[in-house]
Amino acid sequence: MPVPILKQGAVLIASIQTALTDTDVLRLQDKLMEQIGRYRSRGIVVDVTALDVMDSFVSRSLRGIAHMTRLRGAETVIVGIQPEVAFAMVQLGTSMEDVHTALDLEEGLALLESLGGEAERRGGS
């Protein structure tokens, strides 16, 4: 099932509503990378609130999206990781240490805004 991607100013918001197949995850990755360039997006929020399970492929793919996004000059924030999903990820040794996370969409957008301000102060993108 395709993941809807909304454009809100310079931010893309991808809301994952159901469990994704590996093919769906790869399509999401490709579509996000394409839209970053098309819209000159400064950030992406990936909302996983609806997921009560996140397998290792999805976790690795989300980390990969965050790294690719950073290489394209934008930041990614993963929002809405459910407590039981976080617990399972820790138990399985899946790490999101190098990826920005936030409790919900509102906090994720605020985090992206603050990250944009830091980049400007450093003289970056």
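What the table below lists for this structure:
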read-out	value
Members of the range 32-72 found to be among the hydroxyl-bearing types (Ser, Thr, Tyr) and within 21 Å of Ser95 (Cα to Cα), listed by number	Thr49, Ser56, Ser59, Ser61, Thr69
Per-region count, the range 6-28, residues surrounded by fewer than 17 Cβ atoms within 10 Å (Cβ to Cβ) and either within 13 Å of the chain's Cα centre (by Cα) or hydrophobic (A, V, I, L, M, F, W, C) (or both)	4
Residue list for the range 17-53, filter: without any contact (Cβ under 8 Å) to a residue 60 or more places away in the chain and of a type in the set (D, E, K, R)	Asp22, Asp24, Arg27, Asp30, Lys31, Glu34, Arg38, Arg40, Asp52
Criterion: under 17 Å from Leu12 (Cβ atoms) and either out of contact with any helix residue (DSSP H, G or I) (no Cβ under 9 Å at 6 or more places or on another chain) or part of a loop (DSSP other than H, G, I, E, B) (or both) - qualifying residue of Glu113, Glu84	Glu113
Qualifying residues in the range 98-120 (those that are buried (at least 16 other Cβ atoms within 10 Å of the Cβ) and small (Gly, Ala, Ser)) - the one farthest from the chain's Cα centre (by Cα)	Gly116
From the options Ser95, Ser61, Ser56, residue that is loosely packed, with under 14 Cβ neighbours inside 10 Å and under 15 Å from Leu20 (Cβ atoms)	Ser56
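Here, each number is a calculation from the coordinates, and none is a lab measurement. What you see is a predicted model, and the numbers here were worked out from it, not measured in a lab. When we count neighbours, we look across all protein chains shown, and the Cβ atoms used for this are built from the backbone with ideal geometry, even at glycine.
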